[in-house]
Amino acid sequence: IGIAVAQSLLATCAEAKVQLPKIVAMNKKGCVEFYKKKDFINAIKFATLEVELGLKVLDSSTYKKAIYQLGLFYYRNNNYYQSIATHQKVIDSFYKDKFTFQAYCELGRNYTRLGDFHQALLYYEKG
């Protein structure tokens, strides 16, 4: 599935909300496939769309995982500040679970890459 197809489906989404879960599932598959191919730009596009649409149809645990994965894609694309912001959403917006503590560790990794070792250590300790 291509980005254009996903965007086309998104446009028809307003008329057919029944299709929304299918569109989110297709985006999930798309972002995973691009990630496996190390095409992080397209993985980010698909994951962003999954997060935007997923708010309406995903349970909170699956939605949290989608946000977490988007943060990972940003990290892999060397977009550390966006990764930090995304992982911070995981920590701030949801109940505490394994993704919360993994997000703390991801923040540590991002700050390590940015050379802010004090912040990195603080987040690693929380994780």
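The values are calculated or read from the model by the stated rules, or taken from the named source; none is laboratory data. Worth saying up front: this structure is predicted, and the values here are computed from it rather than measured. Neighbour counts run over all protein chains shown; Cβ positions are idealised from the backbone, glycine included. Only protein heavy atoms, including side chains, enter the accessible area calculation; ligands, DNA and RNA are left aside. Shrake-Rupley method; radii C 1.70, N 1.55, O 1.52, S 1.80 Å.
Residues checked against (1) in a loop (DSSP other than H, G, I, E, B); (2) over 21 Å from residue 40 (Cα atoms); (3) under 13 Å from the mean Cα position of the chain (by Cα):
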{"position": "83", "(1), (2), (3)": "no, no, yes"}
{"position": "86", "(1), (2), (3)": "no, no, yes"}
{"position": "104", "(1), (2), (3)": "no, yes, no"}
{"position": "110", "(1), (2), (3)": "no, no, no"}
{"position": "123", "(1), (2), (3)": "no, yes, no"}
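Give just the number: which of (1) within 24 Å of residue 25 (Cα to Cα); (2) at pLDDT 85 or above; (3) open to solvent by less than 50 Å² (accessible area, probe 1.4 Å) does residue 94 not satisfy?
With (1) within 24 Å of residue 25 (Cα to Cα); (2) at pLDDT 85 or above; (3) open to solvent by less than 50 Å² (accessible area, probe 1.4 Å) applied to residue 94, the lone miss is (2).
Suppose we filter 65, 98 for residues that are free of Cβ contacts under 8 Å to residues at least 12 places away in the same chain and either in contact with a Gly (Cβ under 8 Å, 6 or more places away or on another chain) or of a type in the set (D, E, K, R) (or both); which single one remains? Walk me through it before giving the result.
Numbers: 65 fails: free of Cβ contacts under 8 Å to residues at least 12 places away in the same chain.
Residue meeting the stated conditions: 98.
Inspect all residues belonging to the range 63-76 and state whether any of them is polar (S, T, N, Q), within 14 Å of the chain's Cα centre (by Cα), assigned to a helix (DSSP H, G or I) and modelled with pLDDT under 95.
Start the filter on the range 63-76 by keeping residues that are polar (S, T, N, Q), which leaves 69.
Among the residues that remain, those that are also within 14 Å of the chain's Cα centre (by Cα) are: 69.
Then drop every residue that is not assigned to a helix (DSSP H, G or I), which leaves 69.
Checking the rest, the ones that are also modelled with pLDDT under 95 come to 69.
Yes, the range 63-76 contains a residue that is polar (S, T, N, Q), within 14 Å of the chain's Cα centre (by Cα), assigned to a helix (DSSP H, G or I) and modelled with pLDDT under 95.
From the list 52, 15, exactly one residue is outside any helix (DSSP H, G or I), open to solvent by 80 Å² or more (accessible area, probe 1.4 Å) and at pLDDT below 85. Which is it?
On the way: 52 fails: outside any helix (DSSP H, G or I).
Going through 52, 15 in turn, the sole match is 15.
Return yes or no: is residue 125 surrounded by fewer than 16 Cβ atoms within 10 Å (Cβ to Cβ) and either of a type in the set (Asp, Glu) or touching a Cys at 6+ places or on another chain (Cβ under 7 Å) (or both)? First the steps, then the outcome.
Details: surrounded by fewer than 16 Cβ atoms within 10 Å (Cβ to Cβ): yes; either of a type in the set (Asp, Glu) or touching a Cys at 6+ places or on another chain (Cβ under 7 Å) (or both): yes.
Against the criterion (surrounded by fewer than 16 Cβ atoms within 10 Å (Cβ to Cβ) and either of a type in the set (Asp, Glu) or touching a Cys at 6+ places or on another chain (Cβ under 7 Å) (or both)), residue 125 qualifies.
Pick from the range 101-122 the residues that are farther than 15 Å from residue 68 by Cβ and of a type in the set (A, V, I, L, M): which of them is surrounded by the most Cβ atoms within 10 Å (Cβ to Cβ)?
Filtering the range 101-122 down to residues farther than 15 Å from residue 68 by Cβ leaves 111-122.
Next cut, of a type in the set (A, V, I, L, M) only: 114, 120-122.
Values: 114: 13, 120: 19, 121: 13, 122: 15.
Per the stated criteria, the residue is 120.
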